[in-house]
Structure formats: structure tokens, C-alpha cells
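Asker: My questions all concern the structure below.
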Amino acid sequence: EACQRTGERGSARYRAPEVALSRPYDHTAEVFSFGLIAWQLVAHEKPFGGMAVEQFRSRVAEAGERPRCPDQWPATFRHLLERCWHAEPSRRPSFRYIVRELTALVQAQSPAAGAHELVPCDVEDSEDDRDSPVRVVRLN
């Protein structure tokens, strides 16, 4: 179900185009935002850094500008982000699909594959996570 809200929701740099342009939106706007946050976590920089809100509106929301994914990132990850950022909300993947793709990516990025190393992390577990080892994937 689509919501009609103002484009003033959330941080400008993470808004889906339909949110920034005050158009009706649904849960797929969160997929767009997730893609930007995932990019930021791997790139170690903020998407659209230094861009004013009006620049974001014209260059990202209206003209379709997106962050650049370096060629050394796994192609499956780059394509997943590009799908998350699709201008047409109905063409963005579901979170179920995103989880499946990220799980497959982590499994493919093993030392045997020679590309990237899975590194165990020491983190404080919640009671629900005591039996689940946490891993970090370095993509660049």
C-alpha cells in the first residue's frame, strides 16, 4: 500500500527518489535506502557527500545519479546495489531476495576462492545469537 507523505522524511542522502519528490511510496523506498547504506558501509564514505538537498533532488531524485561502485567490488554485489537503486520502485528487489544474494556472496567469498577473506569478529552476543558465529566480509 502506497503512502503519500512529504519529501521531508529521513536524511536526504538516503531518500528514495519517490520520497524526495513527495510522491506516493511503499516499502520499496526502504530497499533504495538500504542500498545506499550498504554502499556506504563498503565504500567507507557517505553517498552524495557535499551535495546540498536541492542538488540531491535534481541530480539523484530527478536525473537518476547514483554512487559509483568500484570495479574491484564483486559484480554480484554491484548489480544488487544497482537493482536496489532502480528508479522504478517495482523493479527493486525484495529484502528476502537481498538476504539470499548477500548470503550467497558471503559464501562465495572464501579464502579458497582467493578473492576475499572471511574474518571472525569478537562481538558481544545477544542471547538469541549465542550459537551463531558472526563473520565480516571485506569486499575491497
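Asker: When the solvent-accessible surface of protein heavy atoms is calculated with a 1.4 angstrom probe, in what order do ASP71, ASP26 fall, highest first?
Answerer: Putting ASP71, ASP26 in descending order of accessible area: ASP71, ASP26.
Asker: With the crude spin-label approximation of a point 7 Å out along Cα→Cβ, what separation in nm comes out for ARG96 versus GLN55?
Answerer: Using points 7 Å along Cα→Cβ, the separation is 4.1 nm.
Asker: Here's another thing I want to ask about it. What FRET efficiency comes out for the pair LEU41/LEU21, r = Cβ-Cβ distance, R0 = 30 Å, nearest 0.05?
Answerer: 0.70
Asker: Moving to a separate point now. Pick out, in residue order, every one of the GluC sites (Glu not before Pro) in the stretch 14-102 that is DSSP loop and has at most 13 other C-beta atoms within 10 Å; say none if there are none.
Answerer: GLU45
The values are calculated or read from the model by the stated rules, or taken from the named source; none is laboratory data. All values reported here derive from a predicted model rather than from experimental measurement. No Cβ is skipped: glycine too gets one built from the backbone with ideal geometry, and neighbour counts run over all protein chains shown. With ligands, DNA and RNA removed, areas are computed over all heavy atoms of the protein, side chains included. Shrake-Rupley method; radii C 1.70, N 1.55, O 1.52, S 1.80 Å.
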